[in-house]
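Values in this text are rule-based calculations from the coordinates and carry no lab data. Bear in mind that the values here come from a model prediction, so they are computed numbers and not experimental data. Please note: Cβ atoms are built from the backbone with ideal geometry, for glycine as well, and neighbour counts cover all protein chains shown.
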Amino acid sequence: MPLTFDDLLLRARTLVPQGRRALLGITGSPGAGKTTLAEHLVQELNGAGEPWVAHVPMDGFHLADVELDRLGRRDRKGAPDTFDAAGYAALLRRLREDAQSEEIVYAPGFERVLEQPVAGAIPVPSTARLVVTEGNYLLLETGAWARVRPQLDEVWFCDLDEEERVRRLVARHERFGKGHEEAVAWVLRTDQRNAGLVAATRERADLVVRETALPAPLG
C-alpha cells in the first residue's frame with residue numbers, strides 16, 4: 001500500500017523521544033517538494049495548540065551575492081560550494097545540544113524576492129521538540145556537508161516525477177522574477193547539474209517519499 005501523508009505525520013511524531021529534541025531532515029532535488037512537505041508537516045503537527053515543531057530551512061546558509069561575486073561563483077548559485085555548509089552543520093549541532101536550554105536559538109532565513117540570506121530570521125524556542133530542516137545537500141558526503149547527516153535523526157528523500165519537478169522549478173524561477181527563457185536556461189544549466197548530485201544521495205535516505213504522499217503547495 002502506498003505511503004500517505006498521514007503515514008508521514010505518524011512517523012514524524014514517533015521521532016521525538018522523551019526528554020530531548022529530534023531533528024528531521026527532508027531532502028531531494030531542486031523543485032521536488034521539500035519545502036512544501038516541511039511546511040505541511042509543521043502546520044499539521046502544530047495544529048491549534050502550543051507549537052512544538054519548528055521549520056529551519058537550509059537556504060538561510062546561502063552565501064550572499066557579494067561573496068559569490070568575490071569567489072566567482074555567482075553564475076552557479078545553489079551549488080554545494082555556494083553555501084556555508086559548516087555553519088549549517090554547526091547550527092544543527094547547537095539545536096540538538098541546546099535543547100534543554102531556555103534560550104531561543106536564532107537561525108537565518110532566505111528572502112526569495114531578494115534571493116539573499118537574512119540573519120536571525122527564524123526563532124527556535126526551547127519548546128520546539130521537533131525541528132524540521134530541508135535542503136538539497138543533507139546527504140552529501142563531501143567537505144563540511146558530511147557533518148550534517150550525523151546531526152539528524154532521520155532524512156527523508158522527496159522523489160517527484162522528473163517532468164513535473166522541472167516544470168515546477170521553471171515556474172518558481174518565473175514567479176520570482178526570471179523571464180521564461182532565462183528560467184529554462186538556469187534550470188538546464190545550473191539546477192539540473194545540482195539535481196544530479198542530489199539524486200546520487202537517494203540511497204542513503206531513511207525513507208523515500210514518492211509523489212502519492214507529497215502534499216500540494218500551501219495556498
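For the reader, a short list of remarks on this structure follows.
- Amide H contacts of Leu139 (H built 1.01 Å from N, in plane; Pro and chain starts excluded): no residue 5 or more places away or on another chain comes under 5 Å.
- Cα-based helix-to-principal-axis angle, 162-175 vs the chain, degrees rounded to 10: 80
- Sparsely packed loop sites in the stretch 130-219 (the GluC sites (Glu not before Pro) outside DSSP H, G, I, E and B with at most 14 other Cβ atoms within 10 Å) comprise Glu141.
- Whole-Å semi-axes of the ellipsoid equivalent to the stretch 5-210 (Cα gyration tensor, √5λ, descending): 27, 19, 16
- Helix-only mean residue ellipticity at 222 nm for the chain, each DSSP H run of n ≥ 4 adding -39500 (n - 2.57), per residue, nearest 500: -9500 deg cm²/dmol
- Axis angle, to the nearest 10 degrees, between helix 85-97 and the longest C-alpha principal axis of the chain: 10 degrees.
- For the stretch 88-156, a/c is not less than 1.5, where a ≥ b ≥ c are the root eigenvalues of the C-alpha gyration tensor, and a/b does not top b/c. That puts it in the oblate class.
- Förster-model FRET efficiency, 41 Å R0, Glu174 and Gln18, C-beta, rounded to 0.05: 0.30
- The chain: angle of helix 5-14 to the longest principal axis, Cα-based, in degrees nearest 10: 50
- Rounded FRET efficiency, nearest 0.05, which uses the C-beta distance separating Glu111 from Thr212 and R0 of 30 Å: 0.40
- The stretch 1-105: C-alpha gyration tensor shape, a/c 1.5 cut-off, then a/b vs b/c: oblate
- Mean-square fluctuations from a GNM of the chain, with a 10 angstrom spring cutoff on Cα atoms, peak among Asp153, Asp161, Asp84 at Asp161.
- Pairs of Cα atoms nearer than 8 Å and 6+ residues apart set the relative contact order; for the chain it is 34 percent.
- A crude spin-label estimate for the pair Glu50 and Asp7, with each label 7 Å from Cα along the Cβ direction, gives 3.3 nm.
- The stretch 131-219: C-alpha gyration tensor shape, a/c 1.5 cut-off, then a/b vs b/c: prolate
- Ranked by the mean number of other Cβ atoms within 10 Å of their residues, highest first, the peptides 50-59, 119-128 come out as 50-59, 119-128.
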